[in-house]
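We did not get these values from a lab; they are worked out from the coordinates using the rules stated. This one's a predicted model, so the numbers in the text were calculated from it and none came from an experiment. Counting neighbours? That spans all protein chains shown, and the Cβs are built from the backbone with ideal geometry, glycine included.
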Amino acid sequence: MVEYDPVLYSRILTGTTLGFHTIFATLGVGIPLLIALAEWIGIKRNDLHYHVLARRWTRGYIISVAVGVVTGTAISLQLSLLWPNFMEAAGHTIALPLFLETFAFFFEAIFLGIYLYTWDRFKSRYAHFLLLIPVFIGGGASAFFISTVNAFMNSPIGFNYENGILTNVNPIMAMFNPATPTKVTHVLASSYLTAAFILASIAAFSILRGRDHVYHKKALKLSMTVALAFAICTALIGDLSGKYLAQYQPEKLAAAEWHFETEKGATLIFAGSLDENNKISKAIEIPYALSILAHGIPGAEVIGLEEFPVEDWPPLVVHYYFDWMVTIGMFLALVAFIYFCMQYRKKWNEFNKPLLSAIIVGGPLAMLAIEAGWFMAEQGRQPWIIRGFMRTAEAATTSNHVDTMLYLFILLYLILAISIIIVLKRVFKASPLEKELKKQGIE
Amino acid sequence: MSYELLGITVLWTFLYGYVIVASIDFGAGFFNYYTSITGKGPIVHKVIDRYLSPVWEVTNVFLVFFYVGLIGFFPSVAYYYGTTLLIPGSIATILLAIRGSYYAFHHYGPKKAKWTQFLYGLTGLLIPASLSTVLTISEGGYLNVSGGNVSLDYSGLFTSFYSWTVIILAIVSVLYISACFLTYYAHKAGDTEAFDILRKYALSWSLPTILASFLVFLSISHHNWEHFSRMLDLSWMFILSSLFFLGAVYLIWKKQRLGLSFIFVMLQYAFAFYGYGAAHLPYLLYPYLSIYDGFTNEAMAIALIITFVAGLLLLIPSLYLLMRLFVFSNQYVQGKK
């Protein structure tokens with residue numbers, strides 16, 4: 001029997017909640033952009049297909065929002081229940097964006113409520129479209145604020161801490177810490193990318209199944225356009241994140257890259273395995289690439305793990321999360337790029353089976369990359385919860401029964417996951433596309 | 001006014017807002033289920049659905065607001081309550097999650113299943129019961145504090161008379177507030193059949209409400225004399241609260257000025273709630289934590305207050321728009337839009 005360890009169970013429970021919440025949070029931030037584009041194009045081109053597209057995306061979106069809301073509430077409460085010492089410290093230093101996030105979400109929720117029930121209520125179709133702007137901004141702002149909190153945990157500034165006493169707290173500085181620019185933009189860009197790819201993968205699936213209505217092709221083109229734009233953004237920001245890490249959290253980058261010795265012209269390690277002496281085998285090695293990632297110069301010096309005491313090393317498994325994230329990101333960019341080349345030349349057919357299949361797997365893979373990215377971000381910060389100031393083990397609750405709570409929440413998430421799949425299936429079965437197009441007076 | 005007092009007043013206002021909007025929502029869920037088994041479902045569902053659909057998400061935010069603000073203004077709360085509330089807090093979280101998601105599944109899904117309605121109705125009573133225990137715990141006497149460790153005394157909590165009276169008051173209030181609001185809403189919708197049923201609910205839950213309130217009054221005098229005596233100092237608030245109660249019930253009874261009657265209900269709860277809260281001060285958790293020793297630093301307090309004011313400037317017009325379109329729009333309420 002494993003001895004009961006509240007820290008371990010608290011970590012697993014927080015990871016489970018966040019891992020589940022991230023799926024819906026990502027969609028919640030990303031999908032409004034696509035709905036807004038569809039509705040806008042629909043009005044501008046006077047094309048009812050896009051109008052129906054916006055309606056149908058909204059119908060699926062609202063169900064995922066509901067799960068996002070309740071799991072978001074769960075994680076916010078769990079932060080206090082599982083990490084009381086952390087939340088006490090966070091309350092003193094980084095409470096401002098937490099509070100702002102609630103406002104942003106409130107704003108979003110109000111307008112989403114209005115948007116849902118006013119499709120046919122205004123004379124001007126722009127009026128209804130405009131209601132989505134606050135939803136889009138509110139979602140983006142929520143992501144922005146909450147990411148600054150996570151950024152703070154990685155590079156805490158904006159206070160003095162001596163002998164257990166906090167002084168000179170500067171909430172604005174804490175919010176705009178060195179990790180904020182890359183963290184926030186990476187979260188936002190990857191959310192838009194992932195949401196676009198999920199929707200693209202649904203459209204591609206319909207086309208592959210032989211539904212050759214032009215509606216699906218329009219859906220695919222719109223979502224792949226957004227996907228390509230944000231795949232490029234995400235990759236560029238990812239590169240900047242590497243440079244941020246090299247400067248402010250070198251141990252995290254070193255762990256992600258299995259870079260043990262400080263050296264110039266560092267090699268980038270891809271995949272591979274480690275033995276008990278931390279010797280790397282079976283890896284693909286790309287000379288100078290790590291120095292380029294870290295500093296933009298092939299000869300630059302990259303700090304290795306040897307410079308840190310072993311008890312401060314992040315778990316080396318983060319290397320694989322990093323590889324997953326980057327590989328999937330590259331794959332998505334490539335697929336989106338090929339789609340556009342195919343589409344550009346009239347002679348080529350962008351609806352060929354291999355490409356459609358690649359787009360279909362792209363959706364779930366994008367979500368997997370989001371998960372891998374967060375696992376890399378969170379485990380890569382260990383053993384710290386607030387880097388350099390509070391260790392994860394000091395932050396956790398001392399309560400009994402965290403294990404029981406873990407099982408209860410796993411059960412809850414399982415039930416929610418199954419329910420949402422059933423409900424989404426029913427929603428779209430009950431109103432097939434043809435029926436809805438007819439209802440809107442087309443065909 | 002000190003920052004501490006300003007902070008707790010803002011937070012208490014959010015909690016009051018939550019008590020009102022959540023009670024309407026919780027009670028509506030219960031009535032929805034109850035009428036569906038008594039066969040009167042189709043009559044009242046329309047009224048309930050028309051109100052609930054656009055606002056359900058907003059309800060949850062009031063609670064999160066209160067909670068996040070509490071951590072921001074009084075970070076030590078996170079330590080004390082966070083450590084002790086693991087089990088009740090997790091259970092409340094799970095109930096909130098079930099309620100929120102199954103409302104959406106039920107409402108946006110094409111098939112209306114009775115069991116989702118059941119879950120929605122049942123959680124509406126269990127959530128206020130579990131959340132109200134936090135207020136009970138704040139009275140002190142249910143914590144074991146030894147050597148820097150705090151834990152909750154479950155057997156003390158479950159066998160305490162005070163704790164149960166609070167739970168009863170919470171549940172009864174939910175049904176009373178909700179029935180009063182829906183009576184008004186049905187009246188506005190011009191739905192006389194639904195109005196008659198809901199009015200009957202409002203009237204029949206009024207007496208239990210006032211009885212439960214007296215019961216809590218009585219039991220608090222046994223449980224925490226200090227708090228009770230401060231409540232007596234503020235007795236004018238509780239007297240006003242009772243008068244508004246009588247006024248509200250009278251108007252509903254006479255079927256007159258139902259909008260005003262619901263304002264009376266809100267005032268009834270406002271005076272009781274603020275009276276209780278003011279007497280509770282300075283303690284956040286009696287006797288371990290007061291608003292003065294658990295307060296955040298000045299820079300954070302100022303930042304949060306500025307945020308709060310700026311946020312209100314953004315939210316009040318938005319909420320007004322929501323209300324105009326759905327709650328106070330006669331055409332919407334009557335189902336014409």
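Assorted remarks:
- 5 Å binning of all Cα-Cα separations within the stretch A:156-273, expressed as whole percents from 0 upward: 2, 10, 12, 12, 12, 12, 11, 10, 8, 5, 3, 2, 1, 0
- As a calculated quantity, the FRET efficiency between A:Asp47 and A:Leu316 at R0 = 51 Å, using C-beta atoms, amounts to about 0.45.
- Spatially, the stretch A:291-311 and the stretch A:214-282 are offset by 15 Å when compared through their Cα centroids.
- Over the stretch B:102-206, Cα pairs under 8 Å with separation of 6+ residues give a relative contact order of 20 percent.
- The mean count of C-beta atoms from other chains within 10 Å of the C-beta of residues in B:293-302, rounded to a whole number, is 5.
- Efficiency of FRET from Cβ geometry, A:Lys279 and A:Arg59, R₀ 60 Å, rounded to 0.05: 0.65
- Largest mean-square fluctuation among A:Ala25, A:Ala271, A:Ala417, in a Gaussian network model of chain A whose springs join Cα atoms under 10 Å apart, belongs to A:Ala417.
- Over 17 Å [Cα-Cα, the stretch B:134-248], rounded percent: 65
- Gyration tensor verdict on the stretch B:188-337 (Cα atoms; rounded if a/c is under 1.5, prolate if a/b is larger than b/c, oblate otherwise): oblate
- If R0 equals 45 Å, the separation of the Cβ atoms of B:Ser242 and B:Arg324 corresponds to a calculated FRET efficiency of about 0.85.
- Between the stretch A:381-418 and the stretch B:210-251, the C-alpha centres lie 41 angstrom from each other.
- Distance from the stretch A:11-44 to the stretch B:301-328 (C-alpha centre basis), Å: 24
- Ordered by the count of other Cβ atoms within 10 Å of each Cβ, fewest first, B:Leu319, B:Leu131 give B:Leu319, B:Leu131.
- Neighbours of A:Thr267, meaning other residues whose beta-carbon lies under 10 angstrom from its beta-carbon, give a summed charge of -3 when Lys and Arg score +1 and Asp and Glu score -1.
- In loop segments of the stretch A:230-323 as defined by DSSP, the GluC sites (Glu not before Pro) with at most 11 further C-beta atoms inside 10 Å of their C-beta are A:Glu276.
- Note on B:Gln256 and A:Ser431: the model spin-label points, each 7 Å out from Cα along the C-beta direction, lie 4.6 nm apart.
- Dividing the Cα radius of gyration of chain A by its Kirkwood radius returns 0.99 for Rg/Rh.
- GNM top mover of A:Gly60, A:Gly113, A:Gly304 - chain A, alpha-carbon springs below 10 Å: A:Gly113
- Each Lys and Arg contributes +1 and each Asp and Glu -1, all at the Cβ; summed about the Cα centre of the stretch A:342-383, the dipole is approximately 400 debye.
- Using only side-chain charges placed at the Cβ, +1 for Lys and Arg and -1 for Asp and Glu, the dipole size of the stretch A:174-290 relative to its Cα centre rounds to 780 debye.
- Paramagnetic reach from A:Thr404 (point 7 Å along Cα→Cβ, amide N under 13 Å) across the stretch B:85-128: B:86-91
- B:Leu218 paired with A:Val361, simple spin-label distance in nm, labels 7 Å along Cα-to-beta-carbon: 7.1
- Here is the tail figure for the stretch B:1-88: Cα pairs spaced more than 15 Å apart come to 68 percent of all pairs.
- More than 38 Å apart - percent of Cα-Cα pairs taken over chain B: 16
- The protein assembly as shown: C-alpha gyration tensor shape, a/c 1.5 cut-off, then a/b vs b/c: oblate
- Chain B: relative contact order in percent, alpha carbon pairs under 8 Å with at least 6 residues between: 23
- Counting only Cβ charges, +1 for Lys and Arg and -1 for Asp and Glu, the dipole size of the stretch B:3-333 around its Cα centre is about 1360 debye.
- Choice from B:Leu70, B:Leu86, B:Leu258 showing the highest fluctuation, given a GNM over chain B with Cα pairs closer than 10 Å: B:Leu86
- Global geometry of the stretch A:338-443, whether rounded, prolate or oblate, following the gyration tensor of its Cα atoms and the 1.5 cut on a/c: oblate
- Mean Kyte hydropathy of 0.5 or more with a Cα span along the axis of at least 24 Å, helices from DSSP in chain B: B:3-38, B:41-73, B:86-108, B:114-138, B:161-189, B:192-223, B:235-254, B:258-280, B:298-322
- Distance (nanometres) between label positions extended 7 Å along Cα→Cβ at A:Ile338 and B:Leu203: 7.3
- Of the DSSP H helices in chain A, those whose Cα atoms cover at least 15 Å axially and whose Kyte score averages -0.5 or more: A:6-44, A:48-82, A:95-116, A:132-154, A:180-208, A:214-248, A:318-344, A:353-379, A:402-430
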